[in-house]
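See below for the structure under consideration.
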Ligand code: ATR
């Protein structure tokens, strides 16, 4: 690739950022579309995030992705927020519109689209969400727009689930409630669930797995996990083992990146290319 004075800069701000697959995925998309752009990882310490956001303007960057731990901080540093970013107080994508910085959050919509792409509908579903952190917030915000029947948020710290539920109850007509993550509660709740979504990091490489009594799920249920490393978490393997449909986290990773790419470039994102490079690397790690 030839870098010239016309080459436009994109990037990702995180700390750490070395694990991120976004540079690989976004540069593959840039190449595929023949754009004169480059996407770089920037490891930014928390004390420097304000300067880094200023630098988007100073360097005339097209925009950036934002990842852990800066998503909340950046939501307070940009000039404008999309509805999703404002609802979740969290930004994963910044677009530089002539010096005016617009903060978006494509995580929730990325998740919803990954379900759609896998042929899983949301309308009328009885959903149980494991976890009540930042990821759950973004996902719930996008899910409730699709009119599920009921959303239950099940979290180790119940008060956190209750906080989320109160926030969404005020804004939506969807029945939404909070519960604990105890085995007894889950056993009761899963009987009435047909879409189970793990938004916790449990199941990530080297982090074991939650004990979820998935055999209580009704037949025909779908189990989704936002963890993408490993590609098939213990939860997904167990669900497949009893014949349930599963949706892994790679779909969300690709879709949130594809939506960011489209916001920056106006081009349709080459999702297949993006998915291919990500899966290749993830499989390489697993070998
Ligand atoms: P993120 O932004 O990725 O959602 P987060 O805001 O730190 O990260 O939230 C992590 C979620 O995973 C929380 O719901 C957390 O539960 P608590 O609110 O009780 O902390 C959940 N989580 C993390 N580790 C867990 C574990 N070992 N068992 C159960 N839940 C866990």
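Relative contact order of segment 80-120, taken over Cα pairs closer than 8 Å and 6 or more residues apart, is 37 percent.
So what's Rg/Rh here for segment 228-287, counting alpha carbon atoms and using the Kirkwood radius for Rh? Checking Rg against Rh, the ratio lands at 1.07. Along its first, second and third principal axes, ordered by size, segment 5-61 spans 36, 27, 12 Å in Cα coordinates. Note: relative contact order over the chain, using C-alpha pairs below 8 Å and six or more positions apart, is 16 percent. Segment 166-220 and segment 224-239 have their alpha-carbon centroids 15 Å apart.
So what's the projected area for segment 15-145, the Cα convex hull averaged over all directions, in nm²?
One quarter of the hull surface, i.e. the mean projection, equals 9.1 nm².
Here segment 148-220 has an Rg and Dmax of 12.9, 39 Å, counting Cα atoms alone.
Which order, highest average first, do 29-41, 220-232 follow once you tally other Cβ atoms within 10 Å for each residue and take the mean per peptide?
My ranking of the peptides, most packed first, is 220-232, 29-41.
A straight line joining the Cα centroids of segment 128-160 and segment 14-39 runs 30 Å.
Across the chain, the convex hull enclosing all Cα atoms gives 129 Å³ per residue.
Take every pair of alpha-carbon atoms less than 8 Å apart whose residues are at least six positions apart; their mean separation over the length of segment 23-115 yields a relative contact order of 22 percent. Each peptide among 97-110, 131-144, 268-281, 10-23 gets the average number of other Cβ atoms lying within 10 Å of its residues, and from highest to lowest they stand as 131-144, 97-110, 10-23, 268-281.
As a ratio to 2.2 N^0.38 Å, the alpha-carbon radius of gyration for segment 69-181 is 1.10.
Values in this text are rule-based calculations from the coordinates and carry no lab data. Just so it is clear, the structure is predicted and the values come from calculations on it, not from any experiment. Using ideal geometry, Cβ is built from the backbone for each residue, glycine included, and neighbour counts are taken over all protein chains shown.
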